[in-house]
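Colleague: Here it is: the structure, laid out below.
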Amino acid sequence: MEKFCKTEAVVLATTDFGDANRVVSFYTKEFGKIEANAYNCRRAKSPLSGAMQMFNHISLEFIRSSPVYRVHEADIINFYSISENLSKLAYASILFELVNKMSPMGQVDNSVFNLLLNALKAFDKRNPRIAAIISSCQFIQLSGFAIEYPKSMDKLFKLLMNFDWQDSTKFTLKSGELEEAEKAFYRYAQSILESPLNSLKFLHMIQSSVS
């Protein structure tokens, strides 16, 4: 039996199929992570075309049916220009890949949903490199994992994990310690996933092209 559901959502990932369709992963406020087919959303005149893009914060109406969910309507609540900047795109993709790969289907966690909203604002307005390490650390912590890092970096990682997103003051790290924190954290994150982060490969490709 079909059931219409409405919720706020963040678009985590998209996969094209057919001539104009897309499978979309959402992190929703009321239903946790879900996947739904957005039929014809890649057509220019589709009312779904604008909303079915990564990093959008949207109002989503979907149909719960078997075997797949279907997107019925969607409207953008907040649009962030992350995809228009390669550096922002690469760093934001790290968090979104982690959330998409590690979040169980249908498990509601408003802390994760709120983290995504705060992170989207940060990627849009703050240093995306710092936003990536902070948000990714906090997501791993919310997922119940104790992050492994060298004891010499204990103070730094506690600062990252306890960062207050509502604090408007500028958050800075020395270049060297930021690089060491990234190496330690992303190595640990990939060990949890037991697979490489595709977003890191994308980031390294961008960095190589401009060096």
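Derivation of every value follows stated rules applied to the coordinates shown; laboratory data play no part. Keep in mind it's a predicted model, so treat the numbers as computed, not measured. Don't worry about glycine lacking a Cβ; one is built from the backbone with ideal geometry, like all the others, and counts go over all protein chains shown.
Colleague: Quote the FRET efficiency, to the nearest 0.05, computed for Val68 versus Met205 with a Förster distance R0 of 35 Å and r equal to the Cβ-Cβ distance.
Modeller: Computed FRET efficiency for Val68 and Met205: 0.60.
Colleague: What order do you get for Arg126, Arg187 when you list them from fewest to most C-beta neighbours inside 10 Å?
Modeller: Arg187, Arg126
Colleague: May I pose another question? Which whole-angstrom value gives the distance between the alpha carbon centres of region 1-26 and region 126-199?
Modeller: 29 Å
Colleague: Further question: Taking every pair of distinct Cα atoms and averaging 1/r, then inverting, what Kirkwood hydrodynamic radius in Å comes out for region 139-211?
Modeller: After inverting the pairwise mean of 1/r, the radius is 14.1 Å.
Colleague: Out of the DSSP beta bridges found with both residues in region 27-118, what percent are antiparallel (nearest 5)?
Modeller: Expressed as a percentage, antiparallel bridges in region 27-118 total about 75.
Colleague: Another question, then. Quick one: which of 136-143, 88-95 comes out on top by average Cβ neighbours within 10 Å, and what's the full order, highest first?
Modeller: Ranked by mean Cβ neighbours within 10 Å, highest first: 88-95, 136-143.
Colleague: What is the mean projected area of the alpha carbon convex hull for the chain, to one decimal in square nanometres?
Modeller: Hull-based average projected area comes out at 12.7 nm².
Colleague: Mean residue ellipticity at 222 nm from the helices of the chain, using -39,500 (n - 2.57) per DSSP H segment of n ≥ 4 over the full residue count, to the nearest 500 deg cm²/dmol?
Modeller: Roughly -13500 deg cm²/dmol at 222 nm, from the helical runs in the chain.
Colleague: While we're here: Could you give the dipole magnitude of the chain about its Cα centre, charging the beta-carbon of Lys and Arg +1 and that of Asp and Glu -1, in debye to the nearest 20?
Modeller: Taking the Cα centre of the chain as origin, the dipole is about 200 debye.
Colleague: Using the crude model of +1 on Lys and Arg Cβ and -1 on Asp and Glu Cβ, and no other charge, please compute the dipole size for region 3-78 relative to its Cα centre, in debye to 20.
Modeller: 120 debye
Colleague: Here's a follow-up. Calculate, in nm to one decimal, what Asp75 and Ala20 gain on full extension: separation in residues at 0.36 nm each, minus their alpha carbon distance.
Modeller: Gain on stretching Asp75 to Ala20: 17.9 nm.
Colleague: Let me check I've understood the local charge: for Ser49, count other residues with C-beta under 9 angstrom from its C-beta, Lys and Arg +1, Asp and Glu -1. What total comes out?
Modeller: Around Ser49, the charge tally is +3.
Colleague: What is the set of long-range amide H partners of His72 at a cut-off below 5 Å, with H atoms built 1.01 Å from backbone N?
Modeller: Result for His72 returns Glu61, Phe62, Ile63.
Colleague: Find the Rg to Rh ratio for region 3-78, where Rh is the Kirkwood radius over alpha-carbon pairs and Rg uses the same atoms.
Modeller: Looking at region 3-78, the ratio lands at 0.92.
Colleague: Shifting gears a bit: Classify region 31-140 from the C-alpha gyration tensor, please: rounded if a/c falls under 1.5, else prolate or oblate depending on whether a/b exceeds b/c.
Modeller: oblate
Colleague: Please give the contour-minus-distance gain from Asn114 to Tyr39: 0.36 nm per residue of separation, less the Cα-Cα distance, rounded to one decimal in nm.
Modeller: 24.2 nm
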